[in-house]
Amino acid sequence: MRRGIILLLSLLVASMVLFVLLRLLPGDPANALLSVGADPAQIEAARAQVGSNLPLWQQFLQFLSSLLRFDFGNSFVSDAPVTREVLNRLTVTLPLTFMAFVLAIIIAVPLGVISAVKSDRWYAAVITAVSQLGIAIPAFWMGILLVMVFAIQIRLFPSGGFPLRGWGAPLEALHTLFLPVLTIALVMAASLMRYVRASTLEVVGSDYLRTARALGDSFASAFWRHGIRNASIPVISILGIELGTAFLGAVVIEQVFSLPGLGSMLLMGIEQRDYPNVQGVLFISTLLVLVVGFIADVSQRLIDPRLRHSAGARS
């Protein structure tokens, strides 16, 4: 309950920040509805239509009321409902993010554990070096490199775009998303691998693991029974941060691969001063990041009873 209340308060603060930032943008939102040479009557009518003629406190109450109903109004440019457009764009952004997240875990967890358990071997040093290199490479540059190799040189995958039928053609959609997913996954795995390695090293050197080994357990059995749960506790919080970062990073990768996700919608909205589109994308993005952090926090407390007991003691 406490974490749920914190989530709601965080969302309220984020909504206030979003409202203020949109109002700090130069120009009146009504200008997006006006043509060059509009007369004062047309300007006033446009301001009444978008609500910019009201006092700020009334605008904020209307803003909050719309957010509670998930009603972001209609686009100034296309007059289409923003909520419907955001949901359509999420069918690209969410699969891209979650597939990259799962692939990053599949890559990072075993390699991180190997580099910690076999830290005295040469391949552990190679894994660590490759991880550091992956952290240093920007995601958009990784995407460009993959396009050059797999789309231009080998011509195995398309360099961008998304099927017109969307997920109505699932194999074509997956084929198109392979390079964007791989781009995000490689960058995310490089960062995640470092945390998995550090957490595993701490467990490998712990007293309880040595005690289990002294009582006759093999290393694999002792690590699986006593170490894996403790090693996963700090990694879970990092996973929440990485998933939120991957979702926001997908905005950049969508531009590299010309994907019709939230990223292109946000940039187009900023360019065209289409404020309903901008506020819809930013609010949904903020909501998803906060929910991911909430789930990671709760999962960490479910796995580690010490966190629950400490919370109970404070209350």
TODO: Please enumerate the residues belonging to region 200-222 that are buried (at least 19 other Cβ atoms within 10 Å of the Cβ) and in contact (Cβ under 8 Å) with a residue 40 or more places away in the chain.
DONE: Thr200
TODO: State whether one or more residues within region 256-273 are more than 28 Å from Leu145 (Cβ to Cβ), of a type in the set (Lys, Arg) and assigned to a helix (DSSP H, G or I).
DONE: no
TODO: Within region 22-79, track down each residue that is over 14 Å from Asp274 (Cα atoms), modelled with pLDDT of 75 or more, open to solvent by less than 40 Å² (accessible area, probe 1.4 Å) and small (Gly, Ala, Ser).
DONE: Ser66
Open item on the list: Restricting to region 84-102, and then to whatever is open to solvent by 40 Å² or more (accessible area, probe 1.4 Å) and polar (S, T, N, Q), can you tell me which residue is farthest from Gln272 (Cα to Cα)?
Closed with: Thr91
Open item on the list: Tally up the residues in region 61-118 that are assigned to a helix (DSSP H, G or I), without any contact (Cβ under 8 Å) to a residue 24 or more places away in the chain and more than 23 Å from the chain's Cα centre (by Cα), please.
Closed with: 5
Open item on the list: Out of the residues in region 204-230 meeting the condition of being closer than 24 Å to Gln300 by Cβ and part of a loop (DSSP other than H, G, I, E, B), tell me which one is modelled with the lowest pLDDT.
Closed with: Gly205
Open item on the list: Looking for something open to solvent by less than 60 Å² (accessible area, probe 1.4 Å), part of a helix (DSSP H, G or I), modelled with pLDDT under 85 and touching a Leu at 6+ places or on another chain (Cβ under 7 Å) - is there at least one such residue anywhere in region 133-143?
Closed with: yes
Open item on the list: Among (1) over 26 Å from Met268 (Cβ atoms); (2) surrounded by fewer than 16 Cβ atoms within 10 Å (Cβ to Cβ), there is one condition Ile105 misses while meeting the rest; what is its number?
Closed with: (2)
Task: Qualifying positions in region 245-259 - open to solvent by 10 Å² or more (accessible area, probe 1.4 Å) and of a type in the set (Val, Ile, Thr) - done: Thr245, Val251, Val252, Val256
Task: Residues located in region 147-172, provided they are in contact (Cβ under 8 Å) with a residue 40 or more places away in the chain, open to solvent by less than 50 Å² (accessible area, probe 1.4 Å) and in a helix (DSSP H, G or I) - done: Val147, Gly166
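The values are calculated or read from the model by the stated rules, or taken from the named source; none is laboratory data. Keep in mind it's a predicted model, so treat the numbers as computed, not measured. No Cβ is skipped: glycine too gets one built from the backbone with ideal geometry, and neighbour counts run over all protein chains shown. Surface accessibility is based on the protein's heavy atoms, side chains included, excluding ligands, DNA and RNA. Shrake-Rupley method; radii C 1.70, N 1.55, O 1.52, S 1.80 Å.
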